[in-house]
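*Asks:* Please read through the structure below; I'll follow up with questions.
The values are calculated or read from the model by the stated rules, or taken from the named source; none is laboratory data. In this text the structure is predicted, and so the values were computed from the model without any measurement. Cβ sites come from the backbone with ideal geometry, for glycine too, and all protein chains shown count toward neighbours.
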Amino acid sequence: MKVIIMCGGKGTRLREETAVKPKPMVEIGGRPILWHIMSIYARYGFKDFILPLGYKGEVIKQYFHDYTLRNTDFSVNLATGDIVSYPTSTVDWRVTLCDTGAETLKGARIKRVAQYLGDDERFMVTYGDGVADIAIDKLLAFHQSQKTIGTFTGVRMPSRFGAVTTDDQGKILSWEEKPMLNEYINCGFFVFERSFLDYLSSDPDCDLEKEPLTRLAQAGQLSMYRHEGRWQCMDTLRDSLLLNALWDKGEAFWAQS
């Protein structure tokens, strides 16, 4: 089963990093967050990736073109130019990189790479800026049990602020610092049947979260997998610093699932 990872956005809220690279290439512990996301899937045996590229997509292409060089010891005969490599990487992923346009929205990016899905009846999709301690096998089993066309993963997020409840006179009845919100948000980690492609258009204005998923929900063909573990996106510089701090302290929850 193939995994599509969205890699085309401009990451404007992380401009400190994305002025020179696309957001999926912003690093955690010396490797792009994209690599960390791919590792989550690879841990469960899903190693065939399709990357729809857009903004500064050439940076991602160059990274994977040079991947073996970056991760292999080798000797160079400077007189002849001959290279003898000593493979040290155990990564056995297959990565298909596709230019889908600088201004194309996510729904259209998926539609434009559909040709690379082959005959697979089911595929997975996620965003190129979020990591989680998600069990991909359980997500897939849930999707199969629901018998819907699509499943997305929902998480509950902590409030940014403390919360209090009072009586009518203003007396504090409870105080909770940054409580977990009851609402779920979409964090990606989708599973789709191939028929979902019929909901998409290659028109660059086709956005995944708007008409396609709305129509899918209205048709009763969209399910939500509740992920009660941890998830973190890299949306701002603050998020980047947090993820790197977790990695440096050995607390990278997404690498321990």
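*Asks:* If you scan the range 199-223, which residues turn out to be surrounded by 16 or more Cβ atoms within 10 Å (Cβ to Cβ) and under 18 Å from Val155 (Cα atoms)?
*Replies:* Residues satisfying the conditions are Leu213, Leu222, Ser223.
*Asks:* So, one more: Please go through the range 89-119 and give me each residue that is under 22 Å from Leu216 (Cα atoms) and aliphatic (A, V, I, L, M), ordered by number.
*Replies:* Within the range 89-119, Leu105, Ala108, Ile110, Val113, Ala114, Leu117 qualify.
*Asks:* Out of curiosity, is Ile149 touching a Gly at 6+ places or on another chain (Cβ under 8 Å) and buried (at least 16 other Cβ atoms within 10 Å of the Cβ)? Write out each step before concluding.
*Replies:* Details: touching a Gly at 6+ places or on another chain (Cβ under 8 Å): no; buried (at least 16 other Cβ atoms within 10 Å of the Cβ): yes.
No.
*Asks:* So, one more: Can you find even one residue in the range 78-87 that is within 22 Å of the chain's Cα centre (by Cα) and more than 20 Å from Asp48 (Cβ to Cβ)?
*Replies:* Scanning the range 78-87 turns up no residue that is within 22 Å of the chain's Cα centre (by Cα) and more than 20 Å from Asp48 (Cβ to Cβ).
*Asks:* Any idea how many residues of the range 67-99 are part of a loop (DSSP other than H, G, I, E, B), of a type in the set (Ser, Thr, Tyr) and over 20 Å from Met38 (Cα atoms)?
*Replies:* 1
*Asks:* Let me ask something else about it. Gly229 fails exactly one of the following numbered conditions: (1) within 12 Å of Gly150 (Cβ to Cβ); (2) in a loop (DSSP other than H, G, I, E, B); (3) touching a strand residue (DSSP E or B) at 6+ places or on another chain (Cβ under 8 Å). What is the number of that condition?
*Replies:* Evaluating Gly229 over (1) within 12 Å of Gly150 (Cβ to Cβ); (2) in a loop (DSSP other than H, G, I, E, B); (3) touching a strand residue (DSSP E or B) at 6+ places or on another chain (Cβ under 8 Å) leaves (1) as the failure.
*Asks:* Could you list, ordered by first residue, the pairs with Cβ atoms under 7 Å in which the first is in the range 191-210 and under 21 Å from Arg226 (Cα atoms) and the second is hydroxyl-bearing (Ser, Thr, Tyr) and at pLDDT 95 or above, at least 6 apart or interchain?
*Replies:* Once the first residue is under 21 Å from Arg226 (Cα atoms) and sits in the range 191-210, its partners that are hydroxyl-bearing (Ser, Thr, Tyr) and at pLDDT 95 or above give Val191/Thr151.
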